[in-house]
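Chemist: Before we start, here is the structure in question, set down as structure tokens.
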Amino acid sequence: QVQVVESGGGLVQTGGSLTLSCHASGSIFRIYAMRWYWQAPGRQRELVAEITNGGTTNYADSVKGRFTISRDNAKNTVYLQMNSLRPEDTAVYYCNADLRTLPDRSLYTHWGQGTQVTVSS
């Protein structure tokens, strides 16, 4: 069984910073891409940033230059450093990971439960 758990959300003022963490644990053989999504009230879930197991990154245009995604493969953890936060960044942030599980090495995408980020104006 695999668990993906996000942490680090909270309330921050406009212009502030937060760092989100997402840790995958359980019967994992290998982790491939890891991603952060956000979902604001009344809107669809959208990709914010992704990082491959080789370190290649991709960002939504709205966060380029403000957010940085990184990962620690030894810890099965992905981070999202968020700077210069704006009220429109307010959302529930979700993490997912493409990974192969043990013992069968099947490939799945696992999601976390999300963490709330609120940016006050």
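The values are calculated or read from the model by the stated rules, or taken from the named source; none is laboratory data. All values reported here derive from a predicted model rather than from experimental measurement. Here Cβ is always computed from backbone atoms with ideal geometry, including for glycine, and neighbour counts include all displayed protein chains. The protein model used for the area step is the full one, side chains on, heavy atoms only, and it has no ligands, DNA or RNA in it. Shrake-Rupley method; radii C 1.70, N 1.55, O 1.52, S 1.80 Å.
Chemist: Looking at this structure, is Gly55 at positive phi, without any contact (Cβ under 8 Å) to a residue 40 or more places away in the chain and open to solvent by 80 Å² or more (accessible area, probe 1.4 Å)?
Modeler: Numbers: at positive phi: yes; without any contact (Cβ under 8 Å) to a residue 40 or more places away in the chain: yes; open to solvent by 80 Å² or more (accessible area, probe 1.4 Å): no.
Judged against the criteria, Gly55 is not a match.
Chemist: Only one of these is touching a helix residue (DSSP H, G or I) at 6+ places or on another chain (Cβ under 9 Å), under 20 Å from Ser121 (Cα atoms) and not in a strand (DSSP E or B): Ser62, Ser84. Name it. Give the derivation first.
Modeler: Values: Ser84 fails: touching a helix residue (DSSP H, G or I) at 6+ places or on another chain (Cβ under 9 Å).
Just one listed residue meets the conditions, Ser62.
Chemist: Still on this structure: Does Gly55 qualify as being closer than 29 Å to Phe29 by Cα and part of a loop (DSSP other than H, G, I, E, B)? Before the answer, list the steps.
Modeler: Working: closer than 29 Å to Phe29 by Cα: yes; part of a loop (DSSP other than H, G, I, E, B): yes.
Criteria met by Gly55.
Chemist: Okay, moving on. Among the residues of region 107-121, what is the count of those that are more than 20 Å from Arg43 (Cα to Cα), open to solvent by 60 Å² or more (accessible area, probe 1.4 Å) and within 17 Å of the chain's Cα centre (by Cα)?
Modeler: Of the residues in region 107-121, 2 are more than 20 Å from Arg43 (Cα to Cα), open to solvent by 60 Å² or more (accessible area, probe 1.4 Å) and within 17 Å of the chain's Cα centre (by Cα).
Chemist: Let me ask something else about it. Counting only residues that are open to solvent by less than 50 Å² (accessible area, probe 1.4 Å) and not hydrophobic (A, V, I, L, M, F, W, C), how many does region 16-49 have?
Modeler: Restricting attention to region 16-49, the residues satisfying the condition of being open to solvent by less than 50 Å² (accessible area, probe 1.4 Å) are 16, 18, 20-22, 24-25, 27-28, 31, 33-38, 40, 48-49.
Applying the additional criterion that residues be not hydrophobic (A, V, I, L, M, F, W, C) yields 16, 21, 25, 27, 35, 37.
Looking only at that region, the number is 6.
Chemist: Is it fair to say Arg43 is modelled with pLDDT of 95 or more, within 18 Å of Val92 (Cα to Cα) and in a loop (DSSP other than H, G, I, E, B)? Lay out the reasoning, then the answer.
Modeler: On the way: modelled with pLDDT of 95 or more: yes; within 18 Å of Val92 (Cα to Cα): yes; in a loop (DSSP other than H, G, I, E, B): yes.
So Arg43 fits the description; yes.
Chemist: Of all residues in region 69-106, which are open to solvent by 70 Å² or more (accessible area, probe 1.4 Å) and modelled with pLDDT of 95 or more? Walk me through it before giving the result.
Modeler: Step one: filter region 69-106 for residues open to solvent by 70 Å² or more (accessible area, probe 1.4 Å), giving 73-75, 86, 88, 100, 102-105.
Scanning region 69-106 gives Asn73, Ala74, Lys75, Arg86, Glu88, Arg100.
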